[in-house]
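Student: Here you go, one structure.
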Amino acid sequence: MTFTVDTHHHMLPDFFWRETNHPDKPVGGIAPPPWSKEGSLSVMDEAGIDFAVLSVSTPGVHIGDDAKARNLARRCNDLSATLMRDHPDRFGGFACLPLPDVDGSLKELEYALDVLRLDGVVLFSNANGVYLGDARFEPVFEELDRRGSVVFVHPTASPDPQAHELGLPDSLIDFPVDTTRAVAQMHYSNRFARTPDIKYIFSHAGGTIPYLATRFGIVDEMKVIPGHEERGSAADTLRRLHWDTALSWKNPILEMLRSVVGMEQVLFGSDYPYLRRDLAVKCGGELRDTSVLNDQEREAVLGGNAVRLIPRLAQLAERRRNT
């Protein structure tokens, strides 16, 4: 069986959940079941997932207080490192940073990557209303680029109050749209152009980006947004980024991803525990069985592309092939 890596697998320890989510109004509108490492390992075993890179989910660790955010980021990152140490063949970790606190984020980035040896970082589409292409975050992205880091970008709630007035869970429409806002701003602010060594992963197939790619192309041709000489075309940019299959594994989306970005840029993600357990098991099975992917593409999406981003997984993948 193909070595399978889940790059979109959440850890939601009680202390994180209590500090960041209201019990009656969880961010996104849909509360997942309680999380535990035993639950993650159990669903991984059932779903045939060899390795999962853990990350916290929305809204991240910063909900208004820099000191509390720094402390919560440290606790989450220490837990990730503990899980990696206790289960080195099963778990990796993306470090959380206390953005929009830039100084705190730079300090936590150094600790998480140099001391804890985590596999990259998780950022959110906006940090308390500040999107990732904003110039205020330049020092953080400069350091991530210097390190050639993996940066997993996850959506969070829009800062626009009107976006939450439809009576629908934010995770249904607004989360994909907020990812789209982040990608668009990062491209047209030339954030991607200035950080060529960052290995970006965008959740949920990039929200609506694959559908809007041709629209981006038209804007590029019209040259109506300054800076086009530096950033190049959106088509080229999108093919340098990575996109996961969390909630986005069905055949029409796979076909669109092949057309827009290429299957060598697509990673498997389950979104567990937000995705119900039976569906988290089903999504990997459908990727293994779909006729849309050929054998080479299937192996790449399920694990090969992730091994390329996280080289330390190569030894695990080789061991899996030899069993």
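Student: Can you list the residues, at least 5 places off or on another chain, whose amide H is less than 5 Å from the amide H of residue 150, using H built in the peptide plane?
Tutor: 121, 199
Student: Put a dot 7 Å past each Cα toward the Cβ at residue 107 and residue 233; how far apart are the dots in nm?
Tutor: Here the answer is 4.6 nm between the modelled labels.
Student: What list of ³J(HN,Hα) couplings, whole Hz, do you get for the range 279-289 from phi and the Karplus terms 6.51, -1.76, 1.60, once you set θ to phi - 60° and write x for glycine and proline?
Tutor: For the range 279-289, the Karplus-derived couplings read 6, 4, 6, 5, 4, x, x, 5, 5, 5, 9 Hz, x marking Gly and Pro.
Student: Right, something else. Please list 3J(HN,Hα) in residue order for the range 61-69, calculated via the Karplus relation 6.51 cos²θ - 1.76 cosθ + 1.60 where θ = phi - 60°; whole Hz, with x for glycine and proline.
Tutor: With coefficients 6.51, -1.76 and 1.60, one gets 9, 9, 10, x, 10, 4, 5, 5, 5 Hz.
Student: Only helical DSSP H runs with n ≥ 4 go in: add -39500 (n - 2.57) per run for the chain, normalise by residue count and round the 222 nm mean residue ellipticity to 500 deg cm²/dmol. Kindly include the intermediate steps, with their values, before the conclusion.
Tutor: On the way: 15 runs with 141 residues, N = 323.
One gets -12500 deg cm²/dmol as the mean residue ellipticity at 222 nm.
Student: Moving on. Using alpha carbon centroids, what distance separates the range 159-196 and the range 54-106, in Å?
Tutor: A separation of 22 Å, based on Cα centres.
Student: Once you have a ≥ b ≥ c as the square roots of the Cα gyration tensor eigenvalues for the range 122-255, tell me rounded if a/c is under 1.5, and otherwise prolate or oblate according to whether a/b is larger than b/c. Can you show the working numbers first?
Tutor: Details: a/c = 1.39, a/b = 1.24, b/c = 1.12.
Since a/c stays below 1.5, the shape of the range 122-255 is classed as rounded.
Student: Next up: Starting from the 7 Å offset along Cα-to-Cβ, what nm value, one decimal, do you get for the label separation of residue 224 and residue 142?
Tutor: About 3.3 nm separates the two model spin labels.
Student: Between residue 270 and residues 5 or more places away or on another chain, which pairs have amide H atoms under 5 Å apart, with H built 1.01 Å from N, and which residues are they?
Tutor: Answer set, sorted by chain and number: 7, 8.
Student: Grab the other residues whose beta carbon is less than 14 angstrom from that of residue 282, score K and R as +1, D and E as -1, and report the net. Could the numbers behind the result be given before it?
Tutor: Working: positive: 250, 276, 277, 288; negative: 6, 46, 271, 278, 286, 289.
Charge balance near residue 282 sits at -2.
Student: What trypsin sites (Lys or Arg not before Pro) does the range 8-82 have in DSSP loop regions with at most 16 other beta carbons within 10 Å? Please report the intermediate quantities before stating the final value.
Tutor: On the way: sites: 18, 37, 68, 70, 74, 75; in loops: none.
Sparse-neighbourhood loop trypsin sites (Lys or Arg not before Pro): none present.
Student: Kirkwood-based Rg over Rh for the range 5-321 (C-alpha set), two decimals? Numbers along the way, then the final one.
Tutor: Working: Rg = 18.3 Å, Rh = 19.6 Å.
Radius of gyration over Kirkwood radius for the range 5-321 works out to 0.93.
Student: Something else now. Roughly how many debye, to the nearest 20, is the charge dipole of the chain about its Cα centre, given +1 on each Lys and Arg Cβ, -1 on each Asp and Glu Cβ, and no other charges? Let's see the in-between values first.
Tutor: On the way: 35 positive and 46 negative charges, 84 e Å.
That gives a dipole near 400 debye.
Student: Hey, another quick one. Going Cα to Cα from residue 68, which lysines come in below 28 Å? Please leave out same-chain ones fewer than 8 positions away.
Tutor: Here the lysines satisfying the reach criterion relative to residue 68 are 25, 37, 107.
Student: Then there is this: Can you tell me the length gained on complete extension of the stretch residue 163 to residue 312, counting 0.36 nm per residue apart and subtracting the Cα distance? Don't jump to the answer; show the numbers that get you there.
Tutor: Values: separation 149, 0.36 × 149 = 53.64 nm, distance 4.08 nm.
Result: 49.6 nm gained on full extension.
Student: What does the convex hull of the Cα atoms come to per residue for the range 261-300, in Å³?
Tutor: Numbers: hull volume 2.8 nm³, N = 40.
Here the figure is 70 Å³ per residue.
Student: Restricted to Cα positions, what overall size does the range 270-323 have along the principal axes? Three whole-Å values, descending.
Tutor: 31, 26, 23
Student: Using +1 at the Cβ of each Lys and Arg and -1 at the Cβ of each Asp and Glu in the chain, identify which of 67, 118, 135 lies farthest towards the dipole's positive end.
Tutor: Of the options given, the answer is 118.
Student: Taking H as built 1.01 Å from N, whose amide H comes closer than 5 Å to the amide H of residue 54, not counting residues under 5 places away?
Tutor: Result for residue 54 returns 92, 93, 94.
Student: Right, next: So for the chain: antiparallel DSSP bridges make up what percent, rounded to the nearest 5? Please list the in-between numbers first.
Tutor: On the way: 3 of 26 bridges.
If we restrict to bridges inside the chain, about 10 percent are antiparallel.
Student: Among 235, 214, 26, which residue has its Cα positioned farthest towards the positive end of the charge dipole of the chain, with +1 placed on the Cβ of Lys and Arg, -1 on the Cβ of Asp and Glu, and the dipole taken about the Cα centre?
Tutor: So the residue furthest toward the plus end is 235.
Read-outs throughout are calculated quantities, based only on the coordinates presented, and are distinct from any laboratory measurement. Predicted model only: the values in this text are computed from it and were never measured. Neighbour counts run over all protein chains shown; Cβ positions are idealised from the backbone, glycine included.
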